[in-house]
Amino acid sequence: QVVDELEERMGEGGVIVDYHGCDFFPERWFHIVFVLRTDNSVLYDRLESRGYTGKKLQDNLQCEIFQTLYEEAVLSYRKEIVHQLPSNTPEDLERNLDQIVQWVEQWVKDNN
């Protein structure tokens, strides 16, 4: 249902999708995929501060340890369009935004 709901919007292009998984999104929708990665000590504190406990906390930590989302992305899309970005600090956030903006600007320049 999610894919059906987004199909028309995605066909128009110029869309950024932020989601915690990707295996059901069609590859034709994306020119690049960024997977944000976080050091587990940082992730633990971050999730704990958001009220995550027990199984939910452990499941999220294990997902990061085993690179579940990165592996899912590599299996779902061409490996050359999948990129990992560190997401540990506010400075990482700024660098990631800069990198993504640069990529978008270069893609527009190359494809228009």
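The values are calculated or read from the model by the stated rules, or taken from the named source; none is laboratory data. Remember, predicted model here, so these are calculated numbers, not experimental data. For neighbour counting, all protein chains shown are included, and Cβ atoms are generated from backbone atoms with ideal geometry for every residue, glycine included. Only protein heavy atoms, including side chains, enter the accessible area calculation; ligands, DNA and RNA are left aside. Shrake-Rupley method; radii C 1.70, N 1.55, O 1.52, S 1.80 Å.
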TODO: May I ask for the net charge around Thr38, where only other residues with Cβ less than 11 Å from the Cβ of Thr38 are counted and Lys, Arg are +1 while Asp, Glu are -1?
DONE: -2
Task: Cα gyration tensor shape of the range 60-112, rounded if a/c is under 1.5, else prolate or oblate by comparing a/b with b/c - done: oblate
- [ ] Could you size up the charge dipole of the chain around its Cα centre, putting +1 on the beta carbon of Lys and Arg and -1 on that of Asp and Glu, and report it in debye to the nearest 20?
- [x] 200 debye
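Given R₀ = 25 Å, what would the calculated FRET efficiency be for Glu27 paired with Leu57, taking r from the Cβ atoms and rounding to 0.05?
Rounded to the nearest 0.05, the efficiency is 0.20.
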TODO: With a probe of 1.4 Å, find how much accessible area the chain has per residue, and write the answer as a whole number in Å².
DONE: 75 Å²
Task: Accessible area of the chain belonging to carbon and sulfur atoms, whole % at 1.4 Å probe - done: 51 percent
Task: Compactness of the chain, expressed as Rg and Dmax over alpha-carbon positions, Å - done: 15.7, 50
Task: Charge dipole (the chain, unit charges on Cβ, about Cα centre) - positive-most of Asn111, Val15, Tyr77 - done: Tyr77
Task: Two-site label geometry, Arg46 and Ile65: point separation in nm, points 7 Å out along Cα→Cβ - done: 1.8 nm
- [ ] Give me the distance in nm between label points sitting 7 Å out from Cα along the Cα-to-Cβ direction at Asp39 and Glu7, one decimal.
- [x] 4.5 nm
